[in-house]
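J.: Sharing a structure below in structure tokens format, with a few things to ask.
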2 protein chains.
Amino acid sequence: MDPDALSKAFVDHYYSTFDTNRSGLSTLYQESSMLTFEGQKTQGSQNIVNKLTSLPFDQCKHTITTVDCQPSGPSGGMLVFVSGNLQLAGEQHALKFSQMFHLMPTPQGSFYVYNDIFRLNYA
Amino acid sequence: MDPDALSKAFVDHYYSTFDTNRSGLSTLYQESSMLTFEGQKTQGSQNIVNKLTSLPFDQCKHTITTVDCQPSGPSGGMLVFVSGNLQLAGEQHALKFSQMFHLMPTPQGSFYVYNDIFRLNYA
């Protein structure tokens, strides 16, 4: 699978899971995984999902504007850089966001999220 | 030097060089370095600087809003995620941008930019 197709598939899966079953994101992280969400740092799959499921909004919908990817080096990792809009239920205007993921290969031939940095770009 | 201070120092150096002596950025990249600028891919220090110096604006000023960093894994690299404003000479409104760098250590104890992804977030 070529890197662009792989990152697109990951992004589709990540945000559809976020929008429909946020706690299901736990399978995409491992104990070494790091999340920086609006400057707040969290580490480990369970802590990360606790953070994501305790955000002060229940229903939301991500719409993706751009996806860029690059190989991250000899470890076989991949950097995925996303920009898009986040629509919160009950809010009139969507928020712009940027997010980067560093995907690392698993022994099973899949990928997990090693680094995750999220920022809102208030328009 | 702690990672937050290191990434802040890198970001200050990178954007002040970009705004005052863009061709001087060549020393921050190596032959393996990759740049994706608004979806356009370039590789190698010289090609990257050729791309950056041929952008359709001469004078500009970056203002940084946020800097986040995380270690990228056992290779000793560091991910730096930046958001800010880009003011072009003669334009009334600044453009919002997001950019991520993957810094890799050199044998001399410094860092170079291995990955660089830049996107404008049109407000």
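Coordinate-derived values only; no laboratory data. These numbers were taken from a predicted model, which means no experiment stands behind them. Cβ: placed from backbone, ideal geometry, glycine included. Neighbour counts: every protein chain shown.
J.: For the stretch A:77-90, what does the Karplus curve 6.51 cos²θ - 1.76 cosθ + 1.60, with θ = phi - 60°, yield as ³J(HN,Hα) per residue in whole Hz, taken in order and with x for Gly and Pro?
T.: Couplings: x, 9, 9, 10, 10, 10, 10, x, 10, 10, 9, 8, 4, x Hz.
J.: Taking other Cβ within 10 Å of each residue's Cβ, how do B:PHE81, B:PHE18, A:PHE57 sort, fewest first?
T.: Going from sparsest to densest Cβ surroundings: A:PHE57, B:PHE18, B:PHE81.
J.: Give me the dipole magnitude in Debye, nearest 20, for the protein assembly as shown about the Cα centre, with unit charges on the beta carbon: positive for Lys and Arg, negative for Asp and Glu.
T.: Roughly 120 debye, rounded to the nearest 20.
J.: Could you work out [θ]222 nm for the protein assembly as shown from helices alone, using -39500 (n - 2.57) per DSSP H run of at least four and dividing by all its residues? Round to the nearest 500 deg cm²/dmol.
T.: -7000 deg cm²/dmol
J.: Excluding same-chain pairs closer than 8 in sequence, count the lysine pairs in the stretch A:3-120 whose Cα atoms lie under 18 Å apart.
T.: Close lysine pairs found across the stretch A:3-120: 4.
J.: How big is D for the stretch A:54-123, in µm² s⁻¹ as a whole number, if Stokes-Einstein is applied with the Kirkwood radius of its Cα pairs at 4 °C and 1.567 mPa s?
T.: For these conditions, the coefficient is 95 µm²/s.
J.: Enumerate the amide H contacts of A:SER72 below 5 Å, restricted to partners 5 or more residues apart or on another chain; note that Pro and chain-start residues carry no placed amide H.
T.: A:GLY77, A:MET78, A:LEU79
J.: Search the structure for amide H atoms under 5 Å from the amide H of B:ASN115, placed 1.01 Å from N in the peptide plane, and list their residues when 5 or more places away or on another chain.
T.: HN-HN under 5 Å from B:ASN115: B:MET34, B:HIS102.
J.: Taking the Cα centre of chain A as the origin, how large is its charge dipole in debye, to the nearest 20, when only Lys and Arg (+1) and Asp and Glu (-1) carry charge on their Cβ atoms?
T.: Roughly 200 debye, rounded to the nearest 20.
J.: Counting only the backbone N, which residues of the stretch A:83-101 are under 18 Å from the spot 7 Å out from the Cα of B:GLU38 toward its beta-carbon?
T.: A:83-84
J.: In peptide B:79-90, how many Cβ atoms from other protein chains are near each Cβ within 10 Å, on average?
T.: Whole-number average of other-chain Cβ neighbours for B:79-90 is 2.
J.: What is the fewest-to-most order of A:HIS102, B:HIS62, B:HIS93, B:HIS13 by other Cβ atoms lying within 10 Å of their Cβ?
T.: B:HIS93, B:HIS13, B:HIS62, A:HIS102
J.: Between helix B:3-20 and chain B, what is the angle of the helix's C-alpha long axis to the longest principal axis, kept within 0 to 90° and rounded to the nearest 10?
T.: 40 degrees
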